[in-house]
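**Student:** First, the structure itself, so that you have it in front of you.
Just so you know, all these numbers are worked out from the coordinates, no wet-lab data involved. Note that the coordinates shown come from a computational prediction; the quantities given were computed from them, not determined experimentally. Glycine also receives a Cβ, built like all others from the backbone with ideal geometry; neighbour counts cover every protein chain displayed.
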Amino acid sequence: MSEQKAHTNLRAALTRLHGLGRKALDISPTEVRLEREVTVDLHHARSLAQRILDPCVPAEDLGLNAATVDQLSADLLPGWYDEWVLLEAEKWRQLRLHALEKLAGEFIDAEQFAGAVTAAHTAVQADPLRESSQVSLIRAHLAEGNLAEALDHFERYAWRLRNELGLRPTQRLRRLVAGLRQPPGGGQ
């Protein structure tokens, strides 16, 4: 497609915008950009993730709550496969997964177990084969005292890892749940 045709298509699409969509854009004959008042949720979410990961920012200064997890839950432009999008999406995915895992740990330390499980579960949903996210979720279950849930989750992860990749969980993860299994015929 020629650049002139692309510009014509863009102008045609912009003329069909109504309401808030039209108000969000500053359109001139040579440029299209967001209005100054428009904010981008990715910028806020990226800043939040960086603050969570900053060792100089105490957890109590972050105002952590369920909304914090929500801000770190979305993928960047899902369904887009342009190379530049894939690179940016992967950078965002890695940043938010690290932030969610650390956030789960902060919630565990604060004995806010529902938040810990939610943060870790969000990380697991984003990448079900990522072991560090699985560790976060299992630690949250253990901290809350839900031993059966921790063991069940470990076993489902181990099964999936074996069936999809032919791998076993690392020694680190196996140690985390090692004391939970009772030997056959084990007593009380």
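**Student:** Residues to consider are T30, T39, T8; find the one that is in a helix (DSSP H, G or I) and on the phi < 0 side of the Ramachandran plot.
**Tutor:** T8
**Student:** Still on this structure, please answer the following. Go through the range 74-90 and report how many residues are exposed (fewer than 14 other Cβ atoms within 10 Å of the Cβ) and closer than 17 Å to V40 by Cα.
**Tutor:** Counting residues in the range 74-90 that are exposed (fewer than 14 other Cβ atoms within 10 Å of the Cβ) and closer than 17 Å to V40 by Cα gives 2.
**Student:** Given the options L180, L173, L161, L147, name the one that is in contact with a Lys or Arg (Cβ under 8 Å, 6 or more places away or on another chain) and either free of Cβ contacts under 8 Å to residues at least 12 places away in the same chain or aliphatic (A, V, I, L, M) (or both).
**Tutor:** That would be L161, the only listed residue that is in contact with a Lys or Arg (Cβ under 8 Å, 6 or more places away or on another chain) and either free of Cβ contacts under 8 Å to residues at least 12 places away in the same chain or aliphatic (A, V, I, L, M) (or both).
**Student:** Scan the range 23-33 and tell me whether some residue there is farther than 26 Å from W92 by Cβ, loosely packed, with under 13 Cβ neighbours inside 10 Å, without any contact (Cβ under 8 Å) to a residue 40 or more places away in the chain and among the basic types (K, R).
**Tutor:** Among the residues of the range 23-33, at least one is farther than 26 Å from W92 by Cβ, loosely packed, with under 13 Cβ neighbours inside 10 Å, without any contact (Cβ under 8 Å) to a residue 40 or more places away in the chain and among the basic types (K, R), which makes the answer yes.
**Student:** Could you tell me how many of the residues in the range 55-73 are surrounded by 11 or more Cβ atoms within 10 Å (Cβ to Cβ) and not aliphatic (A, V, I, L, M)?
**Tutor:** The qualifying residues number 5.
**Student:** Quick check: anything in the range 124-137 closer than 18 Å to G63 by Cα and of a type outside the set (S, T, N, Q)? I'd like the intermediate steps shown before the answer.
**Tutor:** Within the range 124-137, the subset closer than 18 Å to G63 by Cα is none.
No, there is no match, as no residue in the range 124-137 is closer than 18 Å to G63 by Cα and of a type outside the set (S, T, N, Q).
**Student:** Same structure again: Based on what the data block shows, is A114 assigned to a helix (DSSP H, G or I) and crowded, with 21+ Cβ neighbours inside 10 Å?
**Tutor:** Considered against the rule, which asks whether it is assigned to a helix (DSSP H, G or I) and crowded, with 21+ Cβ neighbours inside 10 Å, A114 comes out as no.
**Student:** Would you mind finding the one in R46, R93 that is under 12 Å from the mean Cα position of the chain (by Cα), in a helix (DSSP H, G or I), touching a residue at least 40 places away in the same chain (Cβ under 8 Å) and surrounded by 12 or more Cβ atoms within 10 Å (Cβ to Cβ)? Step through it out loud before you land on a result.
**Tutor:** Details: R93 fails: touching a residue at least 40 places away in the same chain (Cβ under 8 Å).
R46 is the lone residue from the list that is under 12 Å from the mean Cα position of the chain (by Cα), in a helix (DSSP H, G or I), touching a residue at least 40 places away in the same chain (Cβ under 8 Å) and surrounded by 12 or more Cβ atoms within 10 Å (Cβ to Cβ).
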